[in-house]
Amino acid sequence: MNTLKFRLSLGLAISATGLPMLVLSPASNASIPDTAIISKFNRTTDFPLIRRGHTSPIPANQDDRLRSWLYESIIIPAGGAWANLKFTYKNANVPPLVKVGPGSKSGEYLFPCRTTGNATIGWSLINARSGGCLTMRVKADGTAVVNRLPLRYAQATGLADPAHSLLIAQDSVPSKYYCGAIANTGEWGISAGAASLEQACTEAEQQCSGSAAGSECTIVSLGDWQPTETDLVASMVCTSSVADRRGEPISLLNSKSGNPSTIESQLAWLAERNRFLNSKACVPSIYGAADAIVSPTTAEPTLIQTRSIGGSLAIDVLAGSVHITSATRPEGLFLVKGTGYRQRENRLASLDCPAIYQTEAIQSFLDPAHWSGEEASELRGYRRAFCQTGPQAAAPSPGGPSFIFNIMPTWNPRPYPSPSTPSSPAPSPNDSSSGSVDSL
């Protein structure tokens, strides 16, 4: 049961370097999902499990639903287990399709738009009004921090567990939350560091409403971080107030690294910088060093696979193209199909697409029998768009280099001094993962 209106409004634009990425279309009313549905699942010795808040996980069933943001997750045990998820908003299907698992280690999906471990994610027919999870936060290993259910939700659903809640309260460090809101005029508001998601989003809406009197403000971004994390990144994607020569919107991506004691001021510095530039429809994110933010950059079918290779995140683009932001790539990275990214080594890899296509994980994702039946056309689109490159160096992406772009102009406002940006690590030797080789 959600008490806030979370509506994501995204469109396609061209960055200042000529590379595409998604930006907000303020006139749109698309939304992030209000429901995730288990379409089909597979078990080996153990069932996939559902966690709701801090209650004990229970075995999942087909057609089970998740509806409470950041409070509900699906745990996939190690081995051959997997779960296929589809999403809806107001009972209408929205992208993406997500397969969590299988993997040699357990994986997890945190509602609405976050995965840990092995996953396959497909976006299709993306446009300014498609909504859904048009940005996914992905991670190699670890267990997602499922936050405590709001008391009114726990009581209404019978999920309240006083004894367990007391243990959690004594032994855990509370999360901090951020939220972003925009108006249909492109004005925006942000909040970071709140003690609850409700507080963060209320503050963001109030700030947005103060900047856009008489306009409706809607929530477009939300998330949390742990105060115990040592390295964090704050980023903002905005739409420039000035169009390019063709009249197309220009996206502005800017990120800064920090830690739990500085990350809120880092995000405030980015916000002040964008307000000085009169940027529109800004969407904030705060994430950890092990996370990456992935977004499709085309309306064509886009398919990615995330894997854990020795505890390090690997992202393979199998159809379409994506934009990736991470602690090792805070300036952003644009990848086309046939190309992968290895986060720990901070390098690209070319993919052996025919070999990946034949794997059980991909064939299972593309099998209409593993879905509800209405996804057959979309699945055929992924098959047709699947990359064909063999084990050789990936070709440069059309229209420019793969490495992009911190395009914000030099500007140093007071009172926030410009934080330093860590240098990129040197590439490491080849990984031994199946289906990929180093890019030159």
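Considering (1) more than 30 Å from LYS337 (Cβ to Cβ); (2) out of contact with any Lys or Arg (no Cβ under 7 Å at 6 or more places or on another chain), the lone condition that THR298 does not fulfil carries the number (1). Looking at the stretch 194-216, can you tell me whether even one residue there is surrounded by 22 or more Cβ atoms within 10 Å (Cβ to Cβ), more than 22 Å from the chain's Cα centre (by Cα) and free of Cβ contacts under 8 Å to residues at least 60 places away in the same chain? Scanning the stretch 194-216 turns up at least one residue that is surrounded by 22 or more Cβ atoms within 10 Å (Cβ to Cβ), more than 22 Å from the chain's Cα centre (by Cα) and free of Cβ contacts under 8 Å to residues at least 60 places away in the same chain.
Can we say LYS280 is more than 15 Å from the chain's Cα centre (by Cα) and within 15 Å of VAL237 (Cβ to Cβ)? It is true that LYS280 is more than 15 Å from the chain's Cα centre (by Cα) and within 15 Å of VAL237 (Cβ to Cβ). Among the residues of the stretch 250-285, those identified as β-branched (Val, Ile, Thr) and closer than 16 Å to GLY332 by Cβ are ILE250, VAL283.
Between PRO48, PRO96, the distinction of being surrounded by 22 or more Cβ atoms within 10 Å (Cβ to Cβ), more than 30 Å from ALA200 (Cα to Cα) and either within 23 Å of the chain's Cα centre (by Cα) or of a type in the set (Phe, Trp, Tyr) (or both) belongs to PRO48 only. Restricting attention to the stretch 217-233, the residues being surrounded by 16 or more Cβ atoms within 10 Å (Cβ to Cβ) and either under 21 Å from GLN206 (Cα atoms) or modelled with pLDDT under 90 (or both) number 9.
Residues checked against (1) within 18 Å of the chain's Cα centre (by Cα); (2) modelled with pLDDT under 90; (3) of a type outside the set (Gly, Ala, Ser):
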{"site": "ALA314", "(1), (2), (3)": "yes, no, no"}
{"site": "LEU318", "(1), (2), (3)": "yes, no, yes"}
{"site": "THR325", "(1), (2), (3)": "yes, yes, yes"}
{"site": "THR328", "(1), (2), (3)": "yes, yes, yes"}
{"site": "LEU333", "(1), (2), (3)": "yes, yes, yes"}
{"site": "GLY340", "(1), (2), (3)": "yes, no, no"}
{"site": "GLU345", "(1), (2), (3)": "no, yes, yes"}
{"site": "ALA349", "(1), (2), (3)": "no, no, no"}
{"site": "ASP352", "(1), (2), (3)": "no, no, yes"}
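Tell me whether the stretch 358-374 contains one or more residues that are touching a Pro at 6+ places or on another chain (Cβ under 7 Å), modelled with pLDDT of 55 or more and among the acidic types (Asp, Glu). There is no residue in the stretch 358-374 that is touching a Pro at 6+ places or on another chain (Cβ under 7 Å), modelled with pLDDT of 55 or more and among the acidic types (Asp, Glu).
Taken over the stretch 271-289, residues that are surrounded by fewer than 16 Cβ atoms within 10 Å (Cβ to Cβ) and either among the hydroxyl-bearing types (Ser, Thr, Tyr) or in contact with a Lys or Arg (Cβ under 8 Å, 6 or more places away or on another chain) (or both) amount to 0.
The requirement of being crowded, with 18+ Cβ neighbours inside 10 Å, hydroxyl-bearing (Ser, Thr, Tyr) and at pLDDT below 85 is satisfied by THR55. Of the residues screened, ALA299 is not one that is at pLDDT 85 or above, of a type in the set (A, V, I, L, M) and surrounded by fewer than 21 Cβ atoms within 10 Å (Cβ to Cβ). Could you say whether any residue in the stretch 217-233 is closer than 22 Å to ARG114 by Cα, touching a Phe, Trp or Tyr at 6+ places or on another chain (Cβ under 8 Å) and without any contact (Cβ under 8 Å) to a residue 40 or more places away in the chain? Within the stretch 217-233, none of the residues are closer than 22 Å to ARG114 by Cα, touching a Phe, Trp or Tyr at 6+ places or on another chain (Cβ under 8 Å) and without any contact (Cβ under 8 Å) to a residue 40 or more places away in the chain. Scanning the stretch 356-377 for residues that are touching a residue at least 24 places away in the same chain (Cβ under 8 Å), surrounded by fewer than 19 Cβ atoms within 10 Å (Cβ to Cβ) and under 18 Å from GLY320 (Cα atoms) yields a total of 1.
LEU303 passes every criterion in (1) in contact (Cβ under 8 Å) with a residue 60 or more places away in the chain; (2) in contact with a Cys (Cβ under 7 Å, 6 or more places away or on another chain) apart from (2). Quick one: would you say ALA268 is surrounded by fewer than 20 Cβ atoms within 10 Å (Cβ to Cβ), over 19 Å from CYS133 (Cβ atoms), modelled with pLDDT of 90 or more and small (Gly, Ala, Ser)? Yes, satisfied.
The values are calculated or read from the model by the stated rules, or taken from the named source; none is laboratory data. Please read these numbers as outputs of a predicted model, since none were measured by experiment. Positions of Cβ are generated from backbone atoms using ideal geometry, with glycine treated the same way; all protein chains shown enter the neighbour counts.
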